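Engineer: Pasting a structure below so you can have a look.
The values are calculated or read from the model by the stated rules, or taken from the named source; none is laboratory data. Fair warning: this is a prediction, and the values are worked out from it, not measured in the lab. Cβ sites come from the backbone with ideal geometry, for glycine too, and all protein chains shown count toward neighbours. These area figures cover heavy atoms from the full protein model, side chains too; ligands, DNA and RNA do not enter into them. Shrake-Rupley method; radii C 1.70, N 1.55, O 1.52, S 1.80 Å.
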Amino acid sequence: MLNSEYRKSMVQKREREGNMPVGNIRYESSKRYLLEKIRAGDTEYFQKTKDNFCISEEEVQQLLENCLRDAIIIEKDTGIGFELVCREWDFVYNQKAGLSEDRIYSGDIQSILKNDKKEAKQIWSYVFSEIMNNAIEHSKSQMIYCHVKKDYLYTEISITDDGIGIFENIKSVLSGMLKQHVDNQDALIELYKGKFTTNKESHSGEGIFFSSKLMDEFAVWSDNAVFHTGYYKEDKLVQSHLIAYYTKLKRIGTMVVMKLSNQTNRTMKEVFDMFAPIDEGFSRTVIPVKDTCLCGEPVARSHARRVLFRLEEFKHIDFDFAGVEFMGQGFADEVFRVFQNKYPDIELRAINANESVLGMIKHVRFNMTATQ
């Protein structure tokens, strides 16, 4: 807690000298850093802010005072001493009412985002509309629920329905395509690839893929399985939203949770250009190999074949090996020799790969060259 006498002296000092200019970049950077640490529950937030920005204890105290005054944080009797002020909203929609995602966004969500940066508002307009449309048109639900959490740094929005469940929906279509039994892991892999849709006549299969790339964090929860992109563990993002719904819903078909910085510099154009250049269309994808593994590491040839299913639809494929310690010869051979031989014009890249993984790729590619 802040010392009350010190607080009084700081107020008097501000009255004499005025507040720090809000537009000052260094001030805003140190303020956001401080708030990020408090939001994350980092007990060393004070010292880390002081050290990282080479500012005095008095300046860190002033940052805290300003945030208290502006109702960005409140004092809390915890190990941190503070927490960010968070506002929450709940909306409930009945499918019988004839729902449209654009009216829901403009009527309920747009005003909540009015103080966000332009880039954030543009991203939310696209992503919210895509995910709400999925719930309206694909979930076969009766009710749709929307929960919004907003603090100074981030906005989180979850959209939940009581329908069939996204993975069940994908599995029913995918099993017909493959003519075999499929499970939740197979459905997850298709979401990571992109271009998968259960209704080709009306949808391109791009919505979830691009939405997940535009958000800071993005998670789809259904049937106890999670599709997740972002920097943190999916349970941290999903847990609080699940708790909010468990007491209200008899069942959850699908829950999508999205998180974005209110001051993001990300733009719609840069994300779409990354995966869908204007002269190629949606031609690039990234496969997070670790997330596709049931057994911990990519080993089996059959696993590789499931990952490779439909990838001939792309021109450039990055296999992201972050977190992968070892790759089996069967998996590597199927991807980097068999598939590459069959589709020589497709560019395959291994990114974030360790020496072991790169060595195995080199090994199977040497065999490919030797047999030609």
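Engineer: May I ask you to say which residue of Ala304, Ala300, Ala332 is in contact with a helix residue (DSSP H, G or I) (Cβ under 8 Å, 6 or more places away or on another chain), at pLDDT below 95 and not β-branched (Val, Ile, Thr)? Outline the logic, then answer.
Structural biologist: Numbers: Ala304 fails: at pLDDT below 95; Ala332 fails: at pLDDT below 95.
None of the other options fit; the residue is Ala300.
Engineer: When you scan the range 276-284, do you find a residue that is more than 30 Å from Thr155 (Cα to Cα), in contact with a strand residue (DSSP E or B) (Cβ under 7 Å, 6 or more places away or on another chain) and not β-branched (Val, Ile, Thr), even just one?
Structural biologist: Yes, the range 276-284 has at least one match.
Engineer: Taking Gly207, is it at pLDDT below 90 and touching an Asp or Glu at 6+ places or on another chain (Cβ under 6 Å)? Walk me through how you get there before you give the answer.
Structural biologist: Values: at pLDDT below 90: yes; touching an Asp or Glu at 6+ places or on another chain (Cβ under 6 Å): yes.
So Gly207 passes the test.
Engineer: Restricting to the range 44-86, and then to whatever is over 11 Å from Leu34 (Cβ atoms) and of a type in the set (A, V, I, L, M, F, W, C), can you tell me which residue is most open to solvent (accessible area, probe 1.4 Å)?
Structural biologist: Cys54
Engineer: If the Cβ limit is 8 Å and pairs must be 6+ apart or interchain, which residue in the range 43-55 that is free of Cβ contacts under 8 Å to residues at least 60 places away in the same chain pairs with which residue that is assigned to a loop (DSSP other than H, G, I, E, B) and among the acidic types (Asp, Glu)?
Structural biologist: What qualifies is Lys48/Asp42.
Engineer: Looking only at the range 307-338, how many residues end up being surrounded by 18 or more Cβ atoms within 10 Å (Cβ to Cβ) and within 11 Å of Val364 (Cβ to Cβ)?
Structural biologist: Here the count works out to 8.
Engineer: Which is in contact with a Ser or Thr (Cβ under 8 Å, 6 or more places away or on another chain), under 28 Å from Gln263 (Cα atoms) and touching a residue at least 24 places away in the same chain (Cβ under 8 Å), of Asp102, Asp162, Asp108? Spell out how you get there, then give the answer.
Structural biologist: On the way: Asp162 fails: under 28 Å from Gln263 (Cα atoms); Asp108 fails: in contact with a Ser or Thr (Cβ under 8 Å, 6 or more places away or on another chain).
Testing whether each residue is in contact with a Ser or Thr (Cβ under 8 Å, 6 or more places away or on another chain), under 28 Å from Gln263 (Cα atoms) and touching a residue at least 24 places away in the same chain (Cβ under 8 Å) leaves just Asp102.
Engineer: Out of all the residues in the range 101-144, which are among the polar types (S, T, N, Q) and open to solvent by 60 Å² or more (accessible area, probe 1.4 Å)? Lay out the reasoning, then the answer.
Structural biologist: Our first condition is that a residue be among the polar types (S, T, N, Q); within the range 101-144, this holds for 106, 110-111, 115, 122, 125, 129, 133-134, 139, 141-142.
Within the range 101-144, Ser106, Gln110, Ser111, Asn115, Gln122, Gln142 meet the criteria.
Engineer: Which residues, taken from the range 24-43, are open to solvent by less than 50 Å² (accessible area, probe 1.4 Å) and touching a strand residue (DSSP E or B) at 6+ places or on another chain (Cβ under 6 Å)?
Structural biologist: Within the range 24-43, just Ile38 meets the criteria.
Engineer: Scan the range 261-288 and report the pairs whose first residue is open to solvent by 30 Å² or more (accessible area, probe 1.4 Å) and whose second residue is part of a loop (DSSP other than H, G, I, E, B), with Cβ atoms within less than 6 Å and a gap of 6+ or a chain change.
Structural biologist: Short answer, once both residue conditions are applied: Gln263/Lys117.
Engineer: Report yes if some residue within the range 37-44 is more than 30 Å from Cys146 (Cβ to Cβ), at pLDDT 90 or above, among the charged types (D, E, K, R) and within 27 Å of the chain's Cα centre (by Cα); otherwise report no.
Structural biologist: Let us first name the residues in the range 37-44 that are more than 30 Å from Cys146 (Cβ to Cβ), namely 42-44.
If we keep only those that are at pLDDT 90 or above too, we end up with 42-44.
Checking the rest, the ones that are also among the charged types (D, E, K, R) come to 42, 44.
Narrowing further to those that are within 27 Å of the chain's Cα centre (by Cα): 42, 44.
Scanning the range 37-44 turns up at least one residue that is more than 30 Å from Cys146 (Cβ to Cβ), at pLDDT 90 or above, among the charged types (D, E, K, R) and within 27 Å of the chain's Cα centre (by Cα).
Engineer: Can you say whether Lys140 is over 30 Å from Leu35 (Cβ atoms), assigned to a loop (DSSP other than H, G, I, E, B) and out of contact with any Phe, Trp or Tyr (no Cβ under 6 Å at 6 or more places or on another chain), as far as the supplied structure shows? Give the derivation first.
Structural biologist: On the way: over 30 Å from Leu35 (Cβ atoms): yes; assigned to a loop (DSSP other than H, G, I, E, B): yes; out of contact with any Phe, Trp or Tyr (no Cβ under 6 Å at 6 or more places or on another chain): yes.
Yes: the conditions hold for Lys140.
Engineer: Further, regarding this structure: Looking only at the range 67-99, which residues are over 30 Å from Phe46 (Cβ atoms), without any contact (Cβ under 8 Å) to a residue 24 or more places away in the chain and in contact with a helix residue (DSSP H, G or I) (Cβ under 8 Å, 6 or more places away or on another chain)? Full working, then the answer.
Structural biologist: Step one: list which residues in the range 67-99 are over 30 Å from Phe46 (Cβ atoms), which gives 89-99.
Adding the requirement that they be without any contact (Cβ under 8 Å) to a residue 24 or more places away in the chain leaves 97-98.
Within the range 67-99, no residue meets the criteria.
Engineer: In addition: Kindly indicate the residue of the range 210-234 that is open to solvent by 40 Å² or more (accessible area, probe 1.4 Å) and over 21 Å from Asp320 (Cβ atoms) and also modelled with the lowest pLDDT among those meeting that condition.
Structural biologist: For the range 210-234, the residue satisfying everything is Asn224.
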